[in-house]
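Working notes for the structure below.
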Amino acid sequence: LLGLDFQQWQTLKRSPDQFQNYIINLQKQMNDDHMVEVNEKFLSIYIYPLEHEFLGIIIDRTQDMIKKTYLLKQLKEIESKSQIDSLTQIYNRKGFELHVQNCLCQNHSKGILVALDVDNFKCINDNCGHQEGDKVLQLIAQFLTENSSSQDIIGRIGGDEFLIFIPYTLSMVSLEKKLQYFIEAFRKTLSHYYQDYHVSISMGVAFVSSSINDYPTLYHYADSALYHAKKTGKNKYFIHHDNI
């Protein structure tokens, strides 16, 4: 079980005290699961020192560890899949909120949330069917992924509503250029639907600040800005400021 070679075993065999110290040292290295890795095996060691004797049990728990590692991997994969929207393969509401909250916990002083809604999306479902509508949602997710930074967090939180969290600072000029590019490039990407059904996007934006530094509050202001953009004509963006 210990994986000792012949010479090591002969040395320990001739010196009970040395063997005892060797076992005690291994026991001290055991983790919270009461296991220690020795020569690619996971062992549990229990020792019972008596007055004139040194007794103990060594249990090979390698298979237990393999099963545990496999199960943890499976659970991790299941948890990961539970955070992904099955249609678009970007984060769903749960996954998006979790990752944004993690960002805000690490740095609650910077970040930008963009709430994005597809204008007149219902016309596609009504005239072309829900299957065509699903294809459009997939195109939007692909469009957002291809036109966002690798650091950005992208999610679909339901229906035709998408969110982008930018976990860094952008100047107002850069942000407005990015938003305007989204609007124009989106029209080109879905030009057929834009011409036939006036399908476009509206966006609402909110900044992380000293007073807006948690996800529910940040989403509230981004969603309110999105509502304002849609109410005042659609196919545009509106940026929330602390004083507006």
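The values are calculated or read from the model by the stated rules, or taken from the named source; none is laboratory data. It should be emphasised that the depicted structure is a prediction, and the values quoted were computed from it without experimental measurement. Cβ: placed from backbone, ideal geometry, glycine included. Neighbour counts: every protein chain shown. We work out accessible area using only protein heavy atoms, side chains counted, and drop any ligands, DNA or RNA first. Shrake-Rupley method; radii C 1.70, N 1.55, O 1.52, S 1.80 Å.
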Leaving out ligands and nucleic acids, and using a 1.4 Å probe, what accessible area per residue does the chain come to in Å²?
60 Å²
Could you run the Karplus curve 6.51 cos²θ - 1.76 cosθ + 1.60 with θ = phi - 60° over the range 196-206 and give me ³J(HN,Hα) per residue in whole Hz, x for Gly and Pro?
7, 10, 6, 6, 8, 10, 10, 9, x, 10, 9
Which percent of Cα pairs goes in each bin when the distances of the chain are cut into 10 angstrom slices starting at zero?
7, 24, 21, 11, 9, 11, 10, 6, 2, 0
Roll a 1.4 angstrom probe over the protein heavy atoms and tell me the percent of accessible area of the chain that is carbon or sulfur.
51 percent
Could you list which residues have their amide H under 5 Å from that of Tyr91, counting only those 5 or more apart in sequence or on another chain, with H placed in the peptide plane?
Asp85, Ile154, Arg156
Dipole in debye (nearest 20) - the range 111-244, about Cα centre, beta carbon charges: Lys, Arg +1; Asp, Glu -1
280 debye
Computed lengthening from Asn39 to Ser149, 0.36 nm per intervening residue step minus Cα-Cα distance
35.2 nm
Semi-axes of the range 104-218 from the Cα gyration tensor (sqrt of 5 times each eigenvalue, largest first, whole Å) come to 28, 15, 11
Enumerate the lysines that Lys68 could reach by cross-link, defined here as Cα to Cα under 21 Å, with residues fewer than 8 away along the same chain left out.
Lys41, Lys76, Lys81
Using 0.36 nm per residue, how much length does the chain from Thr62 to Arg14 gain when fully extended, once their Cα-Cα distance is taken away?
14.4 nm
Restricting things to Cα coordinates, could you compute the convex hull volume per residue of the range 38-107 in Å³?
170 Å³
Percentage relative contact order, the chain, counting C-alpha pairs under 8 Å, at least six apart:
17 percent
If one takes the longest principal axis of the Cα atoms in the chain, at what angle in degrees, from 0 to 90 and to the nearest 10, does the Cα axis of helix 130-146 lie?
70 degrees
FRET efficiency for Lys177 and Asn31 from the Cβ-Cβ distance with R0 = 51 Å, rounded to 0.05, comes out at 0.45
Taking the dipole of the chain about the Cα centre (Lys, Arg +1; Asp, Glu -1; charges at Cβ), the one of His198, Leu226, Gln20 that reaches farthest to the positive side is His198
Cα long-axis angle, helix 16-28 against the chain (0 to 90 degrees, to the nearest 10)
20 degrees
What do you get for the angle between helix 172-189 and the principal long axis of the chain? Use alpha-carbon atoms, 0 to 90 degrees, nearest ten.
80 degrees
Express as a percent, rounded to the nearest 5, the fraction of DSSP beta bridges in the range 31-160 (both residues included) that run antiparallel.
90 percent
Which order do the peptides 29-42, 68-81, 87-100, 130-143 come out in when sorted by mean C-beta neighbours inside 10 angstrom, highest first?
87-100, 130-143, 29-42, 68-81
